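What follows is one structure encoded as structure tokens, with my remarks underneath.
The values are calculated or read from the model by the stated rules, or taken from the named source; none is laboratory data. Owing to the predicted nature of the structure, the values given are computational and were not obtained by experimental measurement. No Cβ is skipped: glycine too gets one built from the backbone with ideal geometry, and neighbour counts run over all protein chains shown.
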Amino acid sequence: MKVVVIDGQGGSMGKELVKKLLAVVSPEDLYCVGTNTAATQNMHKAGCINCATGDNPVAVACRDADFIIGPIGIVMVDSMLGEITPSIAQSVSNSRAHKILIPVNRCITVAGVENRPLSDYIDLAVENLTKHPAYIK
């Protein structure tokens with residue numbers, strides 16, 4: 001099983017995701033890609049051993065991923081203050097992986113999604129992963 005976490009900006013969401021995911025995913029199965037070095041470094045500090053930064057690492061990681069987890073903006077060009085390039089959005093969108101996207105109401109509002117703390121959405125993302133039929137521990 002290959003779980004890919006993608007995050008940008010400061011990587012605080014990715015950092016918290018990594019901490020929670022390592023309780024349910026083997027460190028060897030977790031891959032973290034930052035859109036910048038700060039995001040990558042924070043996910044690495046949280047315990048991810050397979051880390052990289054940039055467009056091409058996103059493309060490579062998404063090719064054979066089983067799950068991709070990150071903020072909803074990773075599928076939208078120019079989101080996250082412009083950090084999501086067309087290449088990143090296309091790599092995520094075209095991947096056959098099951099995507100678990102976390103709503104962030106900073107620039108995007110998803111109708112019907114409650115205004116909850118980010119920590120709740122991170123917990124729900126991990127729960128969705130573990131309940132998915134393709135999840136293998």
Looking only at region 87-112, which residues are under 16 Å from Val60 (Cβ atoms) and either aromatic (Phe, Trp, Tyr) or touching a helix residue (DSSP H, G or I) at 6+ places or on another chain (Cβ under 8 Å) (or both)? Ser87, Ile88, Ala89, Ser91, Val92, Ser93, Asn94, Ser95, Ala97
Checked region 56-89 for anything touching a Leu at 6+ places or on another chain (Cβ under 9 Å) and part of a helix (DSSP H, G or I); matches are Ile72, Gly73, Ile74, Val75
Test Asp64 against the criterion of being touching a residue at least 24 places away in the same chain (Cβ under 8 Å) and either over 10 Å from Gly14 (Cα atoms) or among the aliphatic types (A, V, I, L, M) (or both), and give yes or no. yes
State whether one or more residues within region 11-20 are within 19 Å of Ile136 (Cα to Cα) and touching a Cys at 6+ places or on another chain (Cβ under 9 Å). yes
Would you be able to say whether some residue in region 118-130 is outside any helix (DSSP H, G or I) and either modelled with pLDDT of 95 or more or surrounded by fewer than 15 Cβ atoms within 10 Å (Cβ to Cβ) (or both)? no
If I filter region 54-104 down to residues being among the polar types (S, T, N, Q) and surrounded by fewer than 20 Cβ atoms within 10 Å (Cβ to Cβ), which single residue comes out as nearest to the chain's Cα centre (by Cα)? Ser93
List pairs: first residue in region 34-57 and under 17 Å from Thr85 (Cα atoms), second residue acidic (Asp, Glu) anywhere in the structure, Cβ distance under 8 angstrom, at least six positions apart or on different chains. Gly34/Asp7; Thr35/Asp7; Thr35/Glu83; Asn36/Glu83; Ala39/Asp7
Considering residues that are surrounded by fewer than 23 Cβ atoms within 10 Å (Cβ to Cβ) and of a type in the set (A, V, I, L, M), the number found within region 26-44 is 1
In region 1-22, which residue that is without any contact (Cβ under 8 Å) to a residue 60 or more places away in the chain and of a type in the set (A, V, I, L, M, F, W, C) is nearest to Asn105 (Cα to Cα)? Val18
